[in-house]
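A short worksheet on the structure shown next.
The values are calculated or read from the model by the stated rules, or taken from the named source; none is laboratory data. Because the structure is predicted, anything quoted here is derived from the model rather than measured. Heads up, the Cβs are rebuilt from the backbone with ideal geometry, glycines too, and the neighbour counts pull from every protein chain shown. Accessible surface areas use protein heavy atoms only, side chains included; no ligands, DNA or RNA. Shrake-Rupley method; radii C 1.70, N 1.55, O 1.52, S 1.80 Å.
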Amino acid sequence: MLFDGYYPLEADRPQPGPSAVRPTAEFLMRCLLGARKEAALPSNESGYDEDVNVYLVGLLTRFLTPDYHAEARRYLHTSDLDLSREASLTHDDRLRFRLYQTNADHLLLAIGLFRHVEGMHHPGNALTHHEPEQFIHRGGVYYLIASSNLRRLRRRPTAPEIAMRKLGDGFGDYVTILRRVRSSYFHLTESIGEGTLYHLSRRPPDPALVTISSQDLQGLYDGFLDAFSAWKHEPSPAALAAVRAAAQRLREADPDFTFALPEGSEN
């Protein structure tokens, strides 16, 4: 069973336990609102769009689950032609809605969170053959078509239909917001920049420049947190030495990592 929650890492948070768990959606909403502020695209600036915030948080939350990816694969297409062909072969508005919504969601996340590396041409992914901006109009149109099909299905305005219409009209702005989420909150481009990845893809990497893998880095972070937690639970010279050693290993792997013991804890 998936665990839809997280432990806040603020200094004054309580010890881990059921009461300390916060909903994942709460974390994602905080990231989204912060990204909107950084991008100078705050909520409701050009009209009410808090419903779009809710839609995006729901999309990001679903994206974290295996079920989302299994279902999305049934509807995704790499070209307009393939998508329009399948949509034209059905008279089912529900299927047409699902086709266009899923492909619009996919483009929004692919361009906003997982922007392709310029120059990389993976034959199975059409997104890597063009600049992401070339797909912004397509994503907006997909959302507008999905919204229209949902209106026919429900025969009245609904919150998801209205939110998708706004996403269609402002697709480029929401891509910009997700790019801020990517860089400032998810740190998906912090370790290796897109330019570095581009050049690495065109020549064999120098072994001296190969960075630690994200899995190994996560292991170092986990080791540091375990050592720090053990020292907090039972302070001792040996536990303190373990914290310092774990911090040093992590600092060598991630130069951006900083850590200082609480004042007075050296004694």
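The set of residues in the stretch 38-70 being closer than 19 Å to residue 160 by Cα and among the acidic types (Asp, Glu) consists of 49, 50, 51. Of the candidates 240, 261, the single residue that is open to solvent by less than 60 Å² (accessible area, probe 1.4 Å), modelled with pLDDT of 75 or more and of a type in the set (A, V, I, L, M, F, W, C) is 240. Within the stretch 90-122, being modelled with pLDDT of 90 or more and open to solvent by 60 Å² or more (accessible area, probe 1.4 Å) holds for 94, 98, 106.
Remark: pairs (first residue in the stretch 15-38, under 13 Å from residue 53 (Cα atoms) and at pLDDT 90 or above; second residue open to solvent by 80 Å² or more (accessible area, probe 1.4 Å) and not aromatic (Phe, Trp, Tyr); Cβ separation under 6 Å; 6+ apart in sequence or on different chains) = 35/180.
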